[in-house]
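The values are calculated or read from the model by the stated rules, or taken from the named source; none is laboratory data. Fair warning: this is a prediction, and the values are worked out from it, not measured in the lab. Using ideal geometry, Cβ is built from the backbone for each residue, glycine included, and neighbour counts are taken over all protein chains shown. Note: areas computed on protein heavy atoms with side chains; ligands, DNA, RNA excluded. Shrake-Rupley method; radii C 1.70, N 1.55, O 1.52, S 1.80 Å.
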Amino acid sequence: MDSMLLADLVATSATVAATRSRKAKVAAIAALLGSAATNSTDEVETVTAYVGGTLRQRRTGLGWRGLTSLPDPAPSSTLTVMEVHDAFDRIAGLSGPGSQSARAAAVAELFGRATAEEQQWLRGVVTGEVRQGALDSLVQEGLATAAEVPLAAVRRAAMLGGSTVAVARSAFEGVDALAAVGLEVGRPVLPMLASSAPSVAEALAKAGGGAPVAVDVKLDGIRIQVHRSGDDVVVATRSLEDITARLPEVVDVARSLPATSFVLDGEALALDEAGRPRPFQETASRAAMAEGVFVTPYFFDVLHLDGRDLLDSPASERAAALDRLVPETHRVPRLVTASPDEAEAFLGNTIGSGHEGVVVKSLTATYDAGRRGAAWVKVKPVHTLDLVVLAVEWGSGRRHGWLSNIHLGARDPATGDLVMLGKTFKGMTDEMLTWQTERFLGLEIHRSRHVVHVRPEQVVEIAFDGVQRSTRYPGGVALRFARVVRYRDDKPVSEIDTIDTVRGFLG
């Protein structure tokens, strides 16, 4: 069968963007993936990535500025999905002297064959601005529907395979093929995530329902997943980026542990001379570069140990295995209790030690990647949310010349859309204002008077005093006394908090 036309994918993307119905979004995605599955393995994987709004190439060297001047659009659709993928492969492979002009020529050739609608979509997928609401969870549902396999099987395979794209072909080969995608030491898996609760008592009820729970210190570091097989060690971030070479001290700790193979989940944290956590930015910069302050790894879960997968074991068994493997000096401090008073006291001591809160964990739960359910629930005395910046306003008075007031968005899990919650300019230092002005001008899409609309890529941690009902914003709620804590480059937009989480803070 002939390769799928890019026009078919663009049309589906438009359909998904035009409806708020999750059922309709899933049906459109399923129809597209079903068509792609009749062609090659590469095609179904590429279509899976594209309908989710991403390229298969991790980096292409292209940005918004490189796409500001494009050739006239083609009068009719001739581009196929695989021709586009091959073109981006060639562009991604360009480097060295002359690569800039070669890249510009390749862009002109690709976009010159695209219609106006296709050019708009191609620009969006390059810059992360495909605003169609097709989050990974929706793509997984569409894949399960198209392949006629259980959604749970797709989710588990994607967790272990590292992405939905990696298991797209297996889905069409059936449940057995998905089940064959197992945990492979050295290949990072998608991490498990925590939901939020406003108090320790509510977190205990949510995670334990009256039964004992584990209360872990919530370290303000970078999430790491450490794989070891013999002397080979891989250290990956929460987005599955390999940072092994940047954290040799973590590699040394992993090699010192008494096992042949394992997969550990944890945090890397920079400490000061007194053993208190240093600012998050110092830890984050240490992970982003091959030099800087020393970091210490702390682990809170084990997913595999010496040939045995532990993903489906209850958390209590995984904790016992972790205790046997990792010395206390490299374990996240933990309290097991059913008492709200004991947990509250533990939280108080945690805050007094300079950490940001606790994570309350069910002792019976299995390891479930990528889901913010009731099994893990985080509690911070100062309520914070991870949101995305949708737009920024130029400042006035002392802040004239800086981009200042940021527009904040949460994710709607039902539709995948980004929902505005309000604005803030509180908590910004001059240094932060200078940084964000440069950052957001680089993400600019368009302007309307004093507002710079940006690609929704920058995650920001926002502290707030409460949530109130509001008819001013589309989500029906607004944050009270919102203020910036920090910008987070360690989290992708797919992991920001949902509008449902925000509404959970309504008094």
For the stretch 41-94, give me each residue that is of a type in the set (A, V, I, L, M, F, W, C) and under 24 Å from the mean Cα position of the chain (by Cα). V44, V47, A49, V51, L55, L62, W64, F88, A92
For the stretch 440-481, please list each of the strands (runs of 3 or more DSSP E) lying entirely inside it that holds at least 1 residues being polar (S, T, N, Q) and over 24 Å from the mean Cα position of the chain (by Cα). 444-448, 466-469
Yes or no: the stretch 444-453 includes at least one residue that is closer than 22 Å to P279 by Cβ, without any contact (Cβ under 8 Å) to a residue 24 or more places away in the chain and not acidic (D, E). no
Being open to solvent by 70 Å² or more (accessible area, probe 1.4 Å) and at negative phi is the filter here; which residues of the stretch 475-493 pass it? R480, R483, D489
Of the conditions (1) hydrophobic (A, V, I, L, M, F, W, C); (2) open to solvent by 10 Å² or more (accessible area, probe 1.4 Å); (3) part of a loop (DSSP other than H, G, I, E, B), the single one that A201 does not satisfy is (3)
Considering A207, A274, A259, which residue is assigned to a loop (DSSP other than H, G, I, E, B) and open to solvent by less than 40 Å² (accessible area, probe 1.4 Å)? A259
Taking the conditions exactly as written (surrounded by 21 or more Cβ atoms within 10 Å (Cβ to Cβ), in a loop (DSSP other than H, G, I, E, B) and out of contact with any Phe, Trp or Tyr (no Cβ under 7 Å at 6 or more places or on another chain)), does G96 satisfy them or not? no
Among residues of the stretch 131-184 being out of contact with any Leu (no Cβ under 6 Å at 6 or more places or on another chain) and of a type in the set (S, T, N, Q), the residue modelled with the lowest pLDDT is Q132
T237 - would you say it is of a type outside the set (G, A, S), touching a residue at least 24 places away in the same chain (Cβ under 8 Å), more than 21 Å from E461 (Cβ to Cβ) and in contact with an Asp or Glu (Cβ under 8 Å, 6 or more places away or on another chain)? no
So which of L138, L183, L190 is assigned to a helix (DSSP H, G or I), among the hydrophobic types (A, V, I, L, M, F, W, C) and closer than 24 Å to A375 by Cα? L138
Could you tell me which residue of the stretch 216-240 is surrounded by the fewest Cβ atoms within 10 Å (Cβ to Cβ), considering only residues that are farther than 18 Å from R331 by Cβ and among the hydrophobic types (A, V, I, L, M, F, W, C)? L240
Of all residues being within 24 Å of the chain's Cα centre (by Cα) and in a loop (DSSP other than H, G, I, E, B) in the stretch 20-38, which is modelled with the highest pLDDT? Just the residue, please. S21
Could you check, for the stretch 129-149, whether at least one of its residues is of a type outside the set (V, I, T), over 30 Å from D312 (Cβ atoms) and open to solvent by 30 Å² or more (accessible area, probe 1.4 Å)? yes
Just for the stretch 487-507: of the residues that are touching a residue at least 60 places away in the same chain (Cβ under 8 Å) and more than 17 Å from the chain's Cα centre (by Cα), which one is farthest from D417 (Cα to Cα)? F505
All but one of (1) open to solvent by 50 Å² or more (accessible area, probe 1.4 Å); (2) closer than 30 Å to D465 by Cα; (3) not in a loop (DSSP other than H, G, I, E, B) hold for D176, so report the exception by its number. (2)
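Here is a yes/no grid of residues against (1) within 25 Å of V358 (Cβ to Cβ); (2) within 23 Å of the chain's Cα centre (by Cα):
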{"residue": "A245", "(1), (2)": "no, yes"}
{"residue": "G275", "(1), (2)": "yes, no"}
{"residue": "T283", "(1), (2)": "yes, yes"}
{"residue": "V295", "(1), (2)": "yes, yes"}
{"residue": "F299", "(1), (2)": "yes, yes"}
{"residue": "L311", "(1), (2)": "yes, yes"}
{"residue": "L325", "(1), (2)": "yes, no"}
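Table: residues versus (1) basic (K, R); (2) modelled with pLDDT of 90 or more; (3) closer than 30 Å to R223 by Cα.
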{"residue": "E431", "(1), (2), (3)": "no, no, yes"}
{"residue": "W435", "(1), (2), (3)": "no, yes, yes"}
{"residue": "E444", "(1), (2), (3)": "no, yes, yes"}
{"residue": "R449", "(1), (2), (3)": "yes, no, no"}
{"residue": "V452", "(1), (2), (3)": "no, yes, no"}
{"residue": "Q468", "(1), (2), (3)": "no, no, no"}
{"residue": "L479", "(1), (2), (3)": "no, no, yes"}
Condition (residue is of a type outside the set (D, E), over 25 Å from R455 (Cα atoms) and modelled with pLDDT of 90 or more) applied to the stretch 119-127: is it met by at least one residue? no
